[in-house]
Structures are given as C-alpha cells and as structure tokens.
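Below you'll find the structure, written out as structure tokens, and then a few comments.
Bear in mind that the values in this text are calculations on the coordinates, not laboratory data. Predicted, not measured: the structure shown is a model, and the values here were computed from it. Heads up, the Cβs are rebuilt from the backbone with ideal geometry, glycines too, and the neighbour counts pull from every protein chain shown.
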Amino acid sequence: MSKEPVAVVGIGQTKHVAARRDVSIAGLVREAAQRALDDAELTWADIDAVVIGKAPDFFEGVMMPELYLADALGAVGKPMLRVHTAGSVGGSTALVAANLVAARVHGTVLTLAFEKQSESNAMWGLSLPIPFQQPLLAGAGGFFAPHVRAYMRRTGAPDTVGSLVAYKDRRNALKNPYAHLHEHDITLEKVQASPMLWDPIRYSETCPSSDGACAMVLTDRAGAARAPRPAAWMHGGAMRSEPTLFAGKDCVSPQAGKDCAADVYRQAGIADPRRDIDAVEMYVPFSWYEPMWLENLGFADEGEGWKLTESGVTELDGDLPVNMSGGVLSTNPIGASGMIRFAEAALQVRGQAGEHQVEGARRVLGHAYGGGSQFFSMWLVGSEPPAS
Amino acid sequence: MPEILKAPLVLEFPFTRSLGPVQSAFLTGLRERVVLGVKTGDGRTLVPPVEYDPVTAEEIRDLVEVASTGTVTTWAWNHEPRRGQPLDTPFAWVLVRLDGADTALLHALDAPGPDAVRTGMRVRVRWAEERAGAITDIACFEPYDGDETRQTSGRSGEFENMATGIVAPARLDYVYSPGRAQTDYIHALSEQRTVGERCPSCRKVYVPPRGACPTCGVATAEHVEVGPRGTVTTFCIVNIKAKNLDIEVPYVYAHIALDGADLALHGRIGGIPYDQVRMGLRVEAVWSEGGRYPDHYRPTGEPDADYDAYKELL
C-alpha cells in the first residue's frame, strides 16, 4: 500500500524577538499553534496528535516541557510526543509528524517547535565544564569558524562571500514581519565593517538569539480537500545522522547531509536540484554555511557554491533564491529554527509568503542541521500533490 | 591497570521564567496571602491555576480566590530533606485540596512524624514571613483543627506591582567518570605523552581515545603513542574573551593533527604572532608546570606540511 500524501494546511509563528517577557512558555507555543489552526480554519478538536520539539533540555531548565505544555496545545486525551535532535530538531519534529500522517496513523497532526532563549543560556548549555577535559577554547562560533576557513582553502572562495550572504539575508528579513532582526539601515559596508569575532567569522555574519515558536498543521488528502487555502504537499522528507567527530569526517560537507538530500531528491523525483527546485530555505547560522550547504545539497559542484552566492543567484530575485525569510541569520529560536525553514518552504509553494514570496515557486526545499553538523533533516514541498 | 578517574560534577544554572497572566496573578496573590484558582469551562476550580482548559483547550482567565485551609488527599513522608526543600526537618509531602478548589496542590506539611499525618486530615497554609511572589511564599502547610473555613476576600487576580517572573535554579549533582580509555589517555598526558587507540577494524588512530571506534562500532584497546609534533590543519583567530578562560585575545584556536593520529585535536597556538599562523604550520606541545594538558602548541621551525598531507584531517 502506498503512503498517504501529506499536506501542510496551516502555518503559524510568533513575531520572533530577543525576549518575550509577556508570555510563559505555554503562552508562547499557544500563540504559534493558534495561528496555525486559524490558517487551517480548524479547532483543537480537529487535531488527532501533537508532535513538539525544542533544543536540548538544559538550555531551558525544563526537563520535560511536553508534560507541562499538554493543555496549552490541546493534547489532553491525544498522543503527544517530543523529538530531540539538537539544532535540527524543528525539521525532524515536522518529519515525525508528517510520517504519522503518511503512515495513516493519524489524519491531522499539529507539529510545533519553540525556544525561549532569553530565559536560558544556550552558550552555557553548549559548554559545560567536564572534569578532566580540556575546556573548549572558543564559543559556538569558534567551533564552526575553522570549518569555514577549511571551506575557503578548499574552494579558493574570496573572503567577501560571507558578507554577501549576511547582507542578503538581513535585507530579506525586512520583508518578513515575523523575522527577529529588522536592520532597516543595513548596508554591505556595515556588514563588512563589523567586528571580527572568530576570524574568519564577523559579528554581522552570526545569528541572533531569539524567543519564538513555529507550528504547522499537517493532514491527509481528505484534510487537504477541506482546507480553505492552498496546501503545500510533501514530495520527499528524510533525516540522517553521523557522529560529531570521527576519523575521516568531512566537516565542510558532511556525508550525512549529502545522503539526506539524495534520499529526498529520490523520493521527489528530482534529477537535477539546481534545475528542478525553485528556492531553498536552509539552516545558515553563520553566513558561510550558505555556499557550503549549496554544495552539500547538490545545487553546485564541489568548490562552486560560493559562485552562486557571489553572482546573485541566491538573491530573492535570483535564479535560486536562498533564505527568503531572512534565514537563521535573522531569526534564531534554536529549537524552532529548523521548523521555520520547513514552514517557509511550505509558505512559498502555497503562495503565501507575502513580500518575500518567490514568484512561481512550485518546489521548495526546507533544510535543517544540528549538533556538530551531525543531524540533518530536510523536506521538499510542492504546490501540487505528489504523483502517486 | 590504573584506577579509573572519577570526580564530582555539579551543573547549575539560574533559569528565569516569564509567568504569563495566570501564573503572574497566582504568585502575586501568594505574596498578598491570597490563593487563586482558575475556573474551567465545566465549572471546576483548578489550584494551582493553568492558562488553558485541560478539557476544551480553551484559554481560561477567570481567577477566583479559594480558602487557605484544605484537606490532605494523599501524602508521603520525607525522612531526609535535601537542600532547597521547603523544610529542613523531616516532613510530609502532601497534596492539599484547598476549600473551594477541585484539584490538589503539592506542598510540604510540617508534622512531628508520619503517625501524625493521614489522608483526609485538615490543614492550613503557613505563610512565609517574607513573601516575594513565589511558591515559597507558602512556607508549608500545618495541621489545623478549626472547623470553620476562613472567609475569602473575593480577590480576583488584580494586584499592584504584579510579579512577572521567577528564577528557577536548576542543579544536577553527580559523579562523573571519563571511563577507561580517557583515564589511560590522561595518565599518559601526566608523563607528557599523547597516547591514542587504534581501531582493530579500520586501523584509524583516535586521539583522544574513546574506547570504541565511532565508525566501526567496535572496542579499541591497542595503544598508539602519537606526536609529539603535528600539523595545524585549520584554525580561527578568537577576538572575544570567552567566559571562564583566562587567555588574552586575540589568540589562535586550532585543529592540530598530531603525527600518527587520524583526526585532529584542539589547542591554542603560541610562540608566533597570531596573524602569522597558517594552515599546514608544524607545531609541538608546550607543557606548563602541573598542567593536565599542553598549555599551547608552538612552531617547530620545520617547513609547512603540504596541503595534500593533511586535507583529510581538517
């Protein structure tokens, strides 16, 4: 028996900001979930199951938020489960929910991811002092910066490419009312004059720390037929993992990322991603990850990704727009960041991305990664149901 | 075989919490010696209150005062109070259904011993002397023989200076052991030797060793001394001071592949201006008196390694 087609019929997110002191965590997730239900014109009673995700527990100090959030998400008397894959969790959470629909376990599933970074400390969560171990000598940026340098050495990319990504994403964010950073006076010169934190990564090329939540209503073919607005259809979805560090790991272009993308393309019948996919919303917490992922995801040959960025192909009006929402560089509630990528892909093929809509976007890839580039989750959504 | 290392590990962090409208009213109420519940769609009163109806999932905001007297619905005796608990002498954990409420609140009951506690017994709130808008504004419950229910003042959740947040300290306290492989590695470091382990299957040498190969999934045991020299495979220049690290910025944080190792470890580069560090630089460890790890790595003066020699080790 073939899988049930999965449709996204409702999307909701909060206005992402540095600190949401006016709401509890329950109030934050509720806001996104209610907006997704409103978009789908459904009520809590229409939801069969709830799948939620957030980044590692000690960031928030709540061991099992899924228990405390059951009533806020209308999950009483329904299955509720929680997914846990570090920074990629927002993507994996959506895929677990999608699989429940595809397997015909449930007809309509609410999926949601969140983070309230203002009430925790992600850097502390990432750098616990462990007895006998040498302390990490640099923060999160310091962990990733050497990989960026390795990319530059491998490809010969000019050192301005990172600033072009940051400048583009921050301008895209100006068109997205939900984005955290709205830097109205942004210029390329300002990006390039920003302090170098972990050379080769500048302050302006790093992501902010945000409070926010994102939710989607996923449903089956019958649910999509009842939906008031166009659905986004899932054409492929996959997850892959690998160890944080192992002999032979390619930190610039991890094998798990390549395998994950290949699986999605196979499911979706994508022969040439550069030609067959209209736009990409990918997880870029440091600007240089745009050209790195363009290669990892097969949009450019190895060593060529930066040329797409440099030539303007990834601009909002380019031939392959990347991070139309403004991306993680403009909004980063860690646990929700992956789902925001997936949701943006769905908004695009539904034609509901507002000012950051890519005209005629029919097939869009959403991408998330997490841990030390070790968890990958991706989906490809389309404006038409998948050919069965 | 040396004894496996162990050390206490305490993780603690003062998380903050924004309360939202319902918890804000509840905790501000406690500060004013008022206990508030919330009315659900089916007419029940939940104490402590919640923001969303557990039956209908609707937002609920109808706050009502309940009494500070109530009935124990179940309990468990706590023989040995731990740090941070409401009382420092043995007490009972109790669920108390306050008069006017339909659900029970978890708290402590001050009682001389387990024989003095029973389900169904009457209790009342003992308010803390100093109250700040937190659950600890209820110091504990105490047995109460009075038969009248205290009149409530009819408060509904409107107060001056509403509490908007709390601090919730989290603390994990346990014994950490790095295990056999890391213990061997650390003992060798104390002799200023770097000893990894070779995977019997893929033959890769892991430094630091983990006791198992993450790729092949088999145990590793064969010790292999690597270094003392190595190659900087990639690096970054750190320009911002990290917390808990007493290193002057800027400094170079590098991935270093010691000769004979199949993946790079991390270290600081010294003995050379930071802006002259490059990929392929040949380095060796510099030890400080009593240091468990090399203090930093410095150039050996050898010619730089060829990119092809280390490009798989980035």
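Data for the structure
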item: All-pairs alpha carbon distance profile, segment B:1-97, 5 Å steps from 0, percent; result: 2, 10, 13, 14, 16, 16, 10, 7, 3, 3, 2, 2, 1, 0
item: Kirkwood Rh in Å, taken over all unlike Cα pairs in segment B:148-241; result: 19.0 Å
item: For the protein assembly as shown, alpha-carbon Rg relative to the globular expectation (2.2 N^0.38 Å, N residues); result: 1.06
item: Backbone N within segment B:25-42 under 20 Å of label point (7 Å from B:E158 Cα along the Cβ vector); result: B:25-39
item: Spin-label pair B:E191/B:K241, simplified geometry with 7 Å Cα→Cβ offset, distance in nm; result: 3.9 nm
item: Gained length - A:A193 relative to A:L245, 0.36 nm times residue gap less alpha-carbon distance; result: 15.4 nm
item: For segment B:20-169: rounded, prolate or oblate by the Cα gyration tensor [a/c cutoff 1.5]; result: prolate
item: Global form of chain B, assessed from the alpha-carbon gyration tensor, a/c cut-off 1.5; result: prolate
item: Where labels lie 7 Å past Cα in the beta-carbon direction, separation of B:D88 and B:W127 in nm; result: 2.5 nm
item: Cα principal axis extents for chain A, largest first, Å; result: 53, 48, 45
item: A:K78-A:Q133 FRET efficiency (beta carbon distance; Förster radius 56 Å; 0.05 resolution); result: 0.85
item: Inter-part distance where segment A:304-348 and segment B:86-111 are each reduced to a Cα centre, Å; result: 52 Å
item: Inter-centroid distance (Cα atoms) of segment B:224-249 relative to segment A:177-255, Å; result: 29 Å
item: Theoretical gain in end-to-end length, A:D185 to A:D301 [0.36 nm per residue, Cα-Cα removed]; result: 38.3 nm
item: Expected-Rg normalisation [2.2 N^0.38 Å, Cα atoms] applied to segment B:227-314; result: 1.04
item: Chain A - mean residue ellipticity at 222 nm from DSSP helices (-39,500 (n - 2.57) per run, n ≥ 4, rounded to 500); result: -9500 deg cm²/dmol
